[in-house]
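Here the structure comes first, spelled out in structure tokens, and everything after it is commentary.
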């Protein structure tokens, strides 16, 4: 009898650039989600409406554990 299905998570790096004025810089979030689109949506919920949001990479499981990241919880890195 198979056990409960586990969702597989990937830690995505998502950059947020404020609107047109780039003087504020870019913030990068690490977010552990099952998919890229879900990661973008989680960060969009925290960002300003005019901000540009893009996935810029991912982290290994080892680094995600070292940072003590939790699923579905974006954290600025």
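The values are calculated or read from the model by the stated rules, or taken from the named source; none is laboratory data. Computed from a predicted structure; not experimentally measured. Glycine also receives a Cβ, built like all others from the backbone with ideal geometry; neighbour counts cover every protein chain displayed.
Can you name every residue in segment 43-77 that is without any contact (Cβ under 8 Å) to a residue 60 or more places away in the chain and closer than 13 Å to residue 10 by Cβ?
Across segment 43-77, the qualifying residues are 55, 57, 58, 59, 60, 61, 63, 64, 69, 72.
Condition (residue is surrounded by 11 or more Cβ atoms within 10 Å (Cβ to Cβ), in contact with a helix residue (DSSP H, G or I) (Cβ under 8 Å, 6 or more places away or on another chain) and either at pLDDT below 95 or not in a loop (DSSP other than H, G, I, E, B) (or both)) applied to segment 32-47: is it met by at least one residue?
The answer is yes; a qualifying residue exists.
What is the residue count in segment 49-69 for residues that are surrounded by 12 or more Cβ atoms within 10 Å (Cβ to Cβ), over 11 Å from the mean Cα position of the chain (by Cα) and assigned to a loop (DSSP other than H, G, I, E, B)?
Count: 2.
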